[in-house]
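S.K.: I have a structure here, written as structure tokens, and I will follow up with some questions on it.
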Amino acid sequence: MAEIKKYIAVDLGAESGRVMLGSVSARKLVLEEIHRFDNGPIEEHGSLRWDFDRLFYEVKTGISKATRAAGAQVWGIGVDSWGVDFGLLDVDGKLIENPFHYRDSRTNGMKERAFEMMSKRDIYENTGVQFLQFNSVYQLLAMRLNNSIALAKAANLIFIADLFSYYLCGKIFAEYSLASTSQFMDMRTSQWSKDVLDKLSLPIDIMPKIVSPGTIVGQLA
């Protein structure tokens, strides 16, 4: 009988989140939805934010249900979300505030402000990313230009899916596919673009190590 391994996947979509149990054998993948929950932005301090504490509770609930449903050893847990959004951690590793949601209006006009500091051509040649006003680079620029207290306190920037992984295993990192949506990762080196970050006066020291998709980053805490 072929060996079947169980894996748990957490998928954070634009309107809902879900926790899936995957059963993997040599020739077959079977997916079972275990837990689903709402995932819309909340209004907080006049802006749209991720409701992180509630969502993390739902993620833990789903993982607990999936572990029981597996009835066997779980070989791994993975978390995914859309790109661009991120959280900021302080020097003690605590989330400073609920992360901004990409639908928040604070990035209006930020592309044009960025092009005053670095040409559109140079940004694209560095990053190869489509120009969308909610890209991480414009979110971060909006925070800098608005003298964000959270940004001033930040020791680490961490993308949303990686933030949930961090709260599960305690490891800070940036998964490559998420980092690539930021528009401050150099597409040629697969590292942070010092050129883009310097030209826009954005902090490179808060950027975590970029890791490849599928990297085992830690153990469930």
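S.K.: For Gln73, all conditions in the list (1) in the same structural domain as Ile8 (by TED's automatic domain parsing); (2) buried (at least 19 other Cβ atoms within 10 Å of the Cβ) hold save one; what is the number of the exception?
M.R.: (2)
S.K.: Here is a follow-up. Taking the criterion of being assigned by TED's automatic domain parsing to the domain that holds Gly170 and assigned to a strand (DSSP E or B), would at least one residue in region 113-123 satisfy it?
M.R.: Within region 113-123, none of the residues are assigned by TED's automatic domain parsing to the domain that holds Gly170 and assigned to a strand (DSSP E or B).
S.K.: Another question, then. Answer yes if at least one residue in region 40-59 is in contact (Cβ under 8 Å) with a residue 40 or more places away in the chain, basic (Lys, Arg), within 22 Å of Ile149 (Cα to Cα) and in contact with a helix residue (DSSP H, G or I) (Cβ under 9 Å, 6 or more places away or on another chain), and no otherwise.
M.R.: For region 40-59, residues in contact (Cβ under 8 Å) with a residue 40 or more places away in the chain, basic (Lys, Arg), within 22 Å of Ile149 (Cα to Cα) and in contact with a helix residue (DSSP H, G or I) (Cβ under 9 Å, 6 or more places away or on another chain): absent.
S.K.: I've got another one for you. Which residues, counting only those in region 124-150, are over 26 Å from Thr189 (Cα atoms), in a loop (DSSP other than H, G, I, E, B) and among the hydrophobic types (A, V, I, L, M, F, W, C)?
M.R.: Matches in region 124-150: none.
S.K.: Please enumerate the residues belonging to region 168-197 that are under 12 Å from the mean Cα position of the chain (by Cα) and either part of a loop (DSSP other than H, G, I, E, B) or not small (Gly, Ala, Ser) (or both).
M.R.: Ile172, Phe173, Glu175, Tyr176, Leu178, Ser180, Thr181, Ser182
S.K.: Just name the residue that is nearest to Asn98 (Cα to Cα) out of those in region 166-179 that are surrounded by fewer than 23 Cβ atoms within 10 Å (Cβ to Cβ) and not hydrophobic (A, V, I, L, M, F, W, C).
M.R.: Out of the qualifying residues, it is Tyr167.
S.K.: With the checklist (1) surrounded by 16 or more Cβ atoms within 10 Å (Cβ to Cβ); (2) part of a helix (DSSP H, G or I) in hand, flag the one item Ile8 doesn't pass.
M.R.: (2)
S.K.: Restricting attention to region 49-72, and to residues there that are over 15 Å from Ser165 (Cα atoms) and in contact with a strand residue (DSSP E or B) (Cβ under 7 Å, 6 or more places away or on another chain), which single residue is modelled with the lowest pLDDT?
M.R.: Applying the filter and picking the extreme gives Ala72.
S.K.: Now, a different point. Looking only at residues that are out of contact with any strand residue (DSSP E or B) (no Cβ under 7 Å at 6 or more places or on another chain) and in contact (Cβ under 8 Å) with a residue 12 or more places away in the chain in region 144-160, which one is surrounded by the fewest Cβ atoms within 10 Å (Cβ to Cβ)?
M.R.: Ranking the qualifying residues of region 144-160, first place goes to Asn146.
S.K.: Count, please, the residues in region 180-197 that happen to be over 24 Å from Gly78 (Cα atoms) and either exposed (fewer than 13 other Cβ atoms within 10 Å of the Cβ) or outside the structural domain of Gln130 (by TED's automatic domain parsing) (or both).
M.R.: Residues flagged as over 24 Å from Gly78 (Cα atoms) and either exposed (fewer than 13 other Cβ atoms within 10 Å of the Cβ) or outside the structural domain of Gln130 (by TED's automatic domain parsing) (or both) within region 180-197 amount to 2.
S.K.: Could we say that Ala66 is within 22 Å of Ile216 (Cα to Cα) and outside any loop (DSSP other than H, G, I, E, B) here?
M.R.: Answer is yes for this residue.
S.K.: Continuing with this model, one more query. Which condition from (1) more than 23 Å from Gly40 (Cα to Cα); (2) buried (at least 23 other Cβ atoms within 10 Å of the Cβ) is the one that Leu163 breaks?
M.R.: Among (1) more than 23 Å from Gly40 (Cα to Cα); (2) buried (at least 23 other Cβ atoms within 10 Å of the Cβ), the lone unmet condition for Leu163 is (1).
S.K.: Which one of the conditions (1) modelled with pLDDT of 95 or more; (2) surrounded by 14 or more Cβ atoms within 10 Å (Cβ to Cβ); (3) aliphatic (A, V, I, L, M) does Val24 fail to meet, given that it meets all the rest?
M.R.: (1)
The values are calculated or read from the model by the stated rules, or taken from the named source; none is laboratory data. These numbers come from a predicted model, not from an experiment. When we count neighbours, we look across all protein chains shown, and the Cβ atoms used for this are built from the backbone with ideal geometry, even at glycine.
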